[in-house]
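Please read the structure below before turning to the comments.
The values are calculated or read from the model by the stated rules, or taken from the named source; none is laboratory data. This structure is a prediction, so every number in the text was calculated from the model and none was measured. Please note: Cβ atoms are built from the backbone with ideal geometry, for glycine as well, and neighbour counts cover all protein chains shown. Note: areas computed on protein heavy atoms with side chains; ligands, DNA, RNA excluded. Shrake-Rupley method; radii C 1.70, N 1.55, O 1.52, S 1.80 Å.
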Amino acid sequence: MAERQADCGWKRHISDQLKLRDRVQRHTFEEIVQQYNRLLEKSDLQAVLTERYQTEKYDVQRGHEASSLDASRSDSLHQEMSQMRIRHQEELTELHKKRGELAQTVIELNNQIQQKDREIQSNEARMLEYQQQIAGLDGDCRDLRSSLQVRLHEEAHDGEVNTVRFSPGSRLLATGGMDRRVKLWEVVAGRCEAKGALTGSNAGITSIDFDSAGSYLLAASNDFASRIWTMDDYRLRHTLTGHSGKVLSARFLLDNARIVSGSYDRTLKLWDLRSKVCTSSVTPVPSCLLTCLHLENARNLKMAPLMTSSVTLHHSCYHSHHHDVDSVCVFSAQGFKCGADWTRVTFSPDGSYVAGGSADGALYVWNVLTGKLDRTLDRNHSSAINCVSWSPSGTYVASVEKGSRAILWSDM
């Protein structure tokens, strides 16, 4: 126990001595630290002042050196400025010279422009004169083209010509008129030569059709009958009677063994050529739809009737007990007017165009796809056109009039 107290006593003594030394010597060390800090500050200030002094010294030395070089530089600068002034003066003189040359060039160009203007005015005057000449030549060309298109311009019948039709091979042209005859014309290289006449009708001919082989000709007439001739000998073979009014139109069916006829009595009759009797009849049918029959098959008829100032295309389906008529398209044109309620139009072979004659003697051609007028051919007929036919070859169009004239148009 006594030993432990002795150990704690000396330790406490040492701690007290250290604390005493710390209190006595601390003040001294604090003064040393403060003096050291002041010394560092003065050292930094001396370094800054030394650097500033060195910079000032360098500037002073450079100023002395620069002052010695200013004189030589000033002389060289004066020389350079003198040389530059001389060069600028020379360049200015050259520019004045070029300005004079450019002014002369501008004057010459202005003179050339004035000359070109005079040439342009002269050319415009000549162009106007040429345009007038071209307009005159165009008129002459139209007249010449019109005259070239007309290949047949003859008095075809004694009196009114009602109908016209091409044979399937486009070699023969048949016309029918109020003189009760069907006339045949051979078309060779745009020329027509009379080949003969078919007789036997008791009244005016109203419609003509060929069979698909061109061996037979069918004609409807105002004596209520339809007649068939053979083309190899021009002999009358059959006379089909049964209508109670004028037969307005008659057509072969595709089998060539039957025909269909339409009459003013408002009936359609189907005839069997083998038995020469009427096999069926449809009534009533509007008379305006019987004037032009275009056959698709035995039971479907395409009609192209004409109204007073337009062409109306119909698709009609006829059956034993009823018929349906649908209007497909209407074609009209300024100045177009039908000359009769039975005026006939024609399709081009490809079905792209429709041609019809007007009361003023002009031939109108419409585009079927667009419905617009494609061209007008006039100055040849002297009266209303009754019928138009387009050749199967597409080369010719024939038209006949209320007068006795028939016209063949080429290059269609």
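The figures follow:
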| item | result |
| --- | --- |
| Sequence ranges 371-378, 34-41, 236-243, 161-168, ranked by mean other-Cβ count within 10 angstrom, highest first | 161-168, 236-243, 371-378, 34-41 |
| Other-chain or far-sequence residues with amide H under 5 Å of His238's (modelled H) | Ile228 |
| Label-point separation in nm, Asp138 to Glu91, each point 7 Å along Cα→Cβ | 6.3 |
| Eligible lysines near Lys195 by straight Cα distance, threshold 20 Å, same-chain separation 8 or greater | Lys183 |
| Protection-proxy order for peptides 72-83, 396-407, each taking the mean of Cβ atoms within 10 Å per residue, highest first | 396-407, 72-83 |
| Accessible surface ranking that places the most exposed of Glu90, Glu129 first, with a 1.4 angstrom probe | Glu90, Glu129 |
| Gained length - Gln46 relative to Ser281, 0.36 nm times residue gap less alpha-carbon distance | 70.4 nm |
| Amide H partners (placed H, <5 Å) of Ser280, local residues excluded | Leu270 |
| Separation in nanometres of the label points that stand 7 Å from Cα toward Cβ, at Glu193 and Asp350 | 3.2 |
| From phi via Karplus (6.51, -1.76, 1.60), per-residue ³J(HN,Hα) for segment 85-98 in Hz, x at Gly/Pro | 5, 5, 4, 4, 5, 5, 5, 4, 4, 5, 5, 4, 5, 5 |
| Extension gain (nm, one decimal) between Ala257 and Ser382, 0.36 nm per residue minus Cα-Cα | 41.1 nm |
| Calculated FRET efficiency for the pair Ser410/Arg274, C-beta based, R₀ 45 Å, to 0.05 | 0.70 |
| Under 5 Å, built H, 5+ apart or other chain: amide partners of Ala406 | Glu154, Ala156 |
